[in-house]
Amino acid sequence: MINFEKFNRHWINGFLYPFDKKRDFFEILVNHSHKKQIVALTGIRRTGKTVLFKQVINHLINGRTARKNILYFSFDEQKPSIDELIKEYCQTTSLELGKDKVFIFLDEIQKLNDWQNQIKTYYDNYENIKFFVSGSATLFIHKKAHESL
C-alpha cells in the first residue's frame, strides 16, 4: 500500500510548499507544464530538483489545478511499478485516466527498473497525463530515456 499522503501534502486544502525562491529552471518547467512531452530534470543529488517540482506543484494549484490531480512520488523508499502507482492513485482519488487531466511528478526515477518503458505506455495511450521525472544519476537517466522515449 502506498502512503500518498506522505508524499502529497499539497492535497491538504490551503497547503503550499514553503519554497519561495525561484531558480531559472522554474520558468522552463512551468512553460512546459501543459505540453504533452515528458519533462526530465536531471542533476546531482541535493541540487534542488525536488524543490523545483514542488514549486511547479504550487504553481499548478495557484492556477486552479485540483490538488488531487497532481501526484508526487519519490522512489527513494518504495519502488512500485508505474502501473501499481497509477492504479492505486486512481483508486485513492477516484480520478479516471481517460477523462481527468493529471500531472505526475516522479522523483528519483532511476531507482525503478525499466521506468522508461513503463512511462512510455501511458504517454502513448493517455493524452491527459503530464509526466515530470527527475533523477540524480544524469548519465543513466539520459541513456535510458533516449532508448525508449
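The values are calculated or read from the model by the stated rules, or taken from the named source; none is laboratory data. Because the structure is predicted, anything quoted here is derived from the model rather than measured. Here the Cβ is made from the backbone with ideal geometry for all residues, glycine too, and neighbour counts use every protein chain on show. What goes into the accessible areas is simple: the full protein's heavy atoms, side chains included, and nothing from ligands, DNA or RNA. Shrake-Rupley method; radii C 1.70, N 1.55, O 1.52, S 1.80 Å.
Springs between Cα atoms under 10 Å define the GNM used for the chain, and in it the highest mean-square fluctuation of ASP100, ASP83, ASP124 occurs at ASP124. In terms of the Cα gyration tensor, with a ≥ b ≥ c the square roots of its eigenvalues, is the chain rounded because a/c is under 1.5, prolate because a/b exceeds b/c, or oblate? Cα axes put the chain in the rounded bin. How large, in percent, is the carbon and sulfur part of the accessible surface of the chain at a probe radius of 1.4 Å? The C+S portion of the solvent-accessible surface of the chain is 50 percent. Sparsely packed loop sites in segment 1-89 (the GluC sites (Glu not before Pro) outside DSSP H, G, I, E and B with at most 16 other Cβ atoms within 10 Å) comprise GLU77. My understanding is that a pair violates if its Cα-Cα distance is over 23 Å; which of LYS54/LYS130; LYS22/LYS120; LYS22/LYS79 do that in this structure? Check vs 23 Å cut-off fails for LYS22/LYS120; LYS22/LYS79. When shorter helices are ignored and each DSSP H run of at least 4 residues is given -39500 (n - 2.57), the per-residue value for the chain at 222 nm works out to -12000 deg cm²/dmol. Counting only protein heavy atoms and a 1.4 Å probe, segment 17-149 has 54 square angstrom of accessible area per residue.
Among the trypsin sites (Lys or Arg not before Pro) in segment 1-110, those located in a DSSP loop and surrounded by at most 12 other Cβ atoms within 10 Å of their own Cβ are LYS21, LYS35, LYS36, ARG45, ARG46, ARG64, LYS99.
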